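Below you'll find the structure, written out as structure tokens, and then a few comments.
The values are calculated or read from the model by the stated rules, or taken from the named source; none is laboratory data. This one's a predicted model, so the numbers in the text were calculated from it and none came from an experiment. Every residue, glycine as well, gets a Cβ built from its backbone with ideal geometry; the counts of neighbours run over all protein chains shown.
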Amino acid sequence: MATDTEIYNWFLELGMKVEKVTSGNAYFHITVSPPVENSVKVSIIRTNPNSTFYIITVIIDLDVDKLKKNPSLLKSIKLDLIRMNLEFFLIPPDAEIPKSIQIGKIMFSEGLTKNQILDTVTLVKNGAYLVLTTLEG
């Protein structure tokens with residue numbers, strides 16, 4: 001089973017920016033991002049010490065004005081994220097035009113390898129870039 005410390009060190013080994021998040025109530029929460037300015041930070045979260053899984057997630061603020069002008073953008077984003085096999089949640093969930101979107105994937109820690117978590121972090125990050133690129137037009 002992969003440990004929190006191993007996961008932290010795996011991303012350090014790659015030269016990525018790794019930051020511990022102390023706000024919130026998660027037992028383990030770090031963000032990882034490429035070592036360049038203004039890159040997307042992906043969170044890796046384990047909710048409590050007995051959790052057997054990690055949540056790999058990112059929240060992206062949406063351009064509400066663009067979505068109001070072109071509502072089909074939201075449908076396009078949803079379909080693309082589904083094709084990528086990513087989960088997503090619109091925030092607030094009942095709004096006609098959401099203010100943000102949370103994109104994520106869950107991974108069990110049993111047998112977790114460096115490549116598996118790196119691939120999942122990359123997938124979630126690419127989902128975020130897809131959203132941002134779609135909104136750029």
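The condition of being at pLDDT 95 or above, out of contact with any helix residue (DSSP H, G or I) (no Cβ under 8 Å at 6 or more places or on another chain) and among the β-branched types (Val, Ile, Thr) holds for Ile55. Of all residues in the range 1-21, those satisfying the criterion of being over 17 Å from Asn48 (Cβ atoms), surrounded by 12 or more Cβ atoms within 10 Å (Cβ to Cβ) and charged (D, E, K, R) are Glu6, Lys17, Glu19. For the range 86-116, enumerate the residues that are under 21 Å from Arg46 (Cα atoms) and out of contact with any Phe, Trp or Tyr (no Cβ under 7 Å at 6 or more places or on another chain). Within the range 86-116, Leu86, Glu87, Phe88, Phe89, Gly104, Lys105, Glu110, Gly111, Leu112, Thr113, Asn115, Gln116 meet the criteria. With respect to the stated conditions, Met84 fails to be of a type in the set (A, V, I, L, M), surrounded by 15 or more Cβ atoms within 10 Å (Cβ to Cβ), modelled with pLDDT of 95 or more and closer than 22 Å to Leu14 by Cα. If you filter the range 53-78 down to residues that are without any contact (Cβ under 8 Å) to a residue 12 or more places away in the chain and within 20 Å of the chain's Cα centre (by Cα), you find that the one that is surrounded by the most Cβ atoms within 10 Å (Cβ to Cβ) is Lys78. Here Asn38, Asn85, Asn50 are screened, and the one residue that is over 19 Å from the mean Cα position of the chain (by Cα) and polar (S, T, N, Q) is Asn50.
Counting only strands (runs of 3 or more DSSP E) that sit completely within the range 18-137, those holding 1 or more residues that are out of contact with any Lys or Arg (no Cβ under 8 Å at 6 or more places or on another chain) and farther than 23 Å from Met1 by Cα correspond to 53-61, 87-91, 100-108.
When the range 106-137 is limited to residues that are exposed (fewer than 13 other Cβ atoms within 10 Å of the Cβ) and in contact (Cβ under 8 Å) with a residue 60 or more places away in the chain, the one that is nearest to the chain's Cα centre (by Cα) turns out to be Thr113.
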